[in-house]
Structures are given as structure tokens and as C-alpha cells.
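Working notes, structure below.
None of the figures in this text is laboratory data; all of them are computed from the coordinates on show. Predicted model only: the values in this text are computed from it and were never measured. For neighbour counting, all protein chains shown are included, and Cβ atoms are generated from backbone atoms with ideal geometry for every residue, glycine included.
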Amino acid sequence: MCRFCGSRDAERVDPSRSEMLLGFPFPMTLVILNPRSNFRRALLGSELAHDEEHIYSRNLEIPAGGGVGTARAIARAYSVFANGGKELGLCEETLHELKAPAVRATHGFYDECMRGEAQFSLGFMKPSRGFPFGTPNSFGFPGAGGSFGFADPDAQIGYGYIPNRKGVTMGGDPRDVALRRALYSALPVAQS
């Protein structure tokens, strides 16, 4: 039980140094090890020393790296998007824009932090060769250690996955990918 917020958090297990060095693609390993890389700078707040007696680390604001939620809560939030967004007051135009393909940036879909192809639109990641998920109209975002959440309006699915043992892969944690495959194979569309 967390003494700051009263929630029951699962213990988070970080990968070992050797798993991190050998598990990530080599270009990503170099980025992680470089203290001046854009990746490290983007997540700098998460590396601050924490005084666990007085500071609850999740209260720190970390742009592009501070979202916290349970898998159930993330799936619930994305299910609102996947089912029309009425609870959020989204108009049809907004949902149409969220489902639209990503617009190619001037220098392509290369993401400096992820060191590879990533397509983004309106702050969400879109499915791509490097990170396939859902149907082409889906949108979501991966998180640290293999976490992932997305909305698939075509299948009316809101999805959230949060492992307590962090993974080291890019483009989809194998545990998450297996779960998504099982989910989509159970859909009536997949049966026909």
C-alpha cells in the first residue's frame, strides 16, 4: 500500500543492466547510455534522486514521460475514444482527425528519441511498419518498459497493457503483442 496516495501498487521490476545493454537495439543502447541524447533529456525528470520519505515520485511532472495509470484505467480511457468520444464531448470532426493517417513530416517519420520510424498524429502514435497495432484507424501511445494503450474505433476496443516487469524491446513488448494477437483473433471479424 502506497503511503502517499493509498493505492496498491505492484512492485515494478527493472531489467538488469545486461538485459538493457543486450535487449535494446544497438542504436537505442547508445542513446540510452549518452547522457546528452534527446531521449535522456526528454526523460530527465525521471532520473532525479527521490527522497522516498518526503517525495512521492509520481507527483513530479515529467513531460513526455509522466503518465501513470492502471491497465484498466488506460483501457477505459481509450474505450471512450474507440466508442465515439461522447463522454469527453468529442465532436465527429475530432474523432475523424484522430482516425486519419499521420501526415508525413518534412524529413519523414523518423523519431529522434525512439531512433526509428514512428508515425504520430495529434499527439498519438499511429500504426506503422515499425510498430503495428489495431487497425489503420487506431491511435495510442507506448510507455516505459513495454506498457501500451490504444483506441481502435473500427473494432470498438480500448486497450491497456502495463507489465510490472519492464521489458527492453522497441516496437512492442512480446508479452503485449501476444495478448493483442489473442484479442484480435477472438473478434467476430477475425472469425469470418
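Would any residue of segment 91-124 have its amide N under 17 Å from a label point 7 Å out along Cα→Cβ of residue 135? List them or say none. Residues 95-102 fall inside that zone. Work out the FRET efficiency for residue 164 and residue 40 from their Cβ-Cβ distance, taking R0 = 25 Å, and round it to the nearest 0.05. Rounded to the nearest 0.05, the efficiency is 0.60.
Each peptide in 30-37, 176-183 was scored by the mean count of other Cβ atoms within 10 Å over its residues; highest first, the order is 176-183, 30-37. Simple spin-label estimate for residue 175 and residue 80 gives 2.8 nm between the two label positions (7 Å along the Cα-to-Cβ direction from each Cα).
For residue 111, the residues whose modelled amide H falls within less than 5 Å of its own, excluding neighbours fewer than 5 places apart on the same chain, are 116, 117, 118. The stretch between residue 182 and residue 120, if pulled fully straight at 0.36 nm per residue, gains 19.8 nm over its current Cα-Cα span.
Between the residues 153, 167, 135, the greatest Cα displacement towards the positive end of the dipole of segment 129-192, with unit charges on the Cβ of Lys, Arg, Asp and Glu, is found for 167.
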